[in-house]
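Encoded as structure tokens, the structure appears first; notes follow it.
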Amino acid sequence: MDSYGRTDISHVQKQLSILTWNMEGHKIRNSDDGNVNKMNVMYIKKMFCSHEIICLSETWTNSITECNIYLQGYEPFCQSRTEKHVKSNRESGGLAILVKNNILKYVQRQPTASENTIWLKIDKKNCVILSRIFI
């Protein structure tokens with residue numbers, strides 16, 4: 001892995017760029033506009049678009065709001081908690097991995113028994129297993 005967090009995966013024929021971010025919720029509290037979806041903020045979009053895979057934690061989504069984890073040109077793989085934490089008035093936890101459409105044909109979601117984990121298998125000639133885990 002280089003200093004930019006890119007990992008060399010030979011079957012992709014180039015550097016595979018992976019970004020990881022604890023987003024602390026998919027919304028920004030904004031006094032002017034109410035809550036703004038972080039996925040619609042221009043500087044965040046620009047930061048994301050130079051990476052093939054984006055791993056997000058603490059999305060604070062549920063099965064209904066998972067659709068807010070969307071970025072044009074990417075396929076989202078989301079995992080939300082089914083129940084709110086007993087001490088929380090909002091959703092907590094939540095994971096997402098966004099995969100750029102140009103490598104999507106090599107990606108398969110793998111089954112998991114935990115709502116705190118997403119597993120993806122990236123396979124062309126060699127196989128890479130990618131996981132996002134919330135502990």
- Message: Contact order normalised by length for region 6-133, with contacts defined as Cα pairs under 8 Å and 6 or more residues apart; what percent is it?
- Response: 21
- Query: Cα-based count: Lys pairs in region 6-133 below 15 Å, eight or more positions apart or different chains?
  - Reply: 12
- Task: Could you give the spread of the C-alpha atoms of region 6-133 along their three principal axes, from largest to smallest, in whole angstroms?
- Result: 47, 35, 20
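Readers should treat all values here as calculations from the given coordinates under stated rules, not as data from a laboratory. Quick caveat, the model's predicted, so the values are computed rather than measured.
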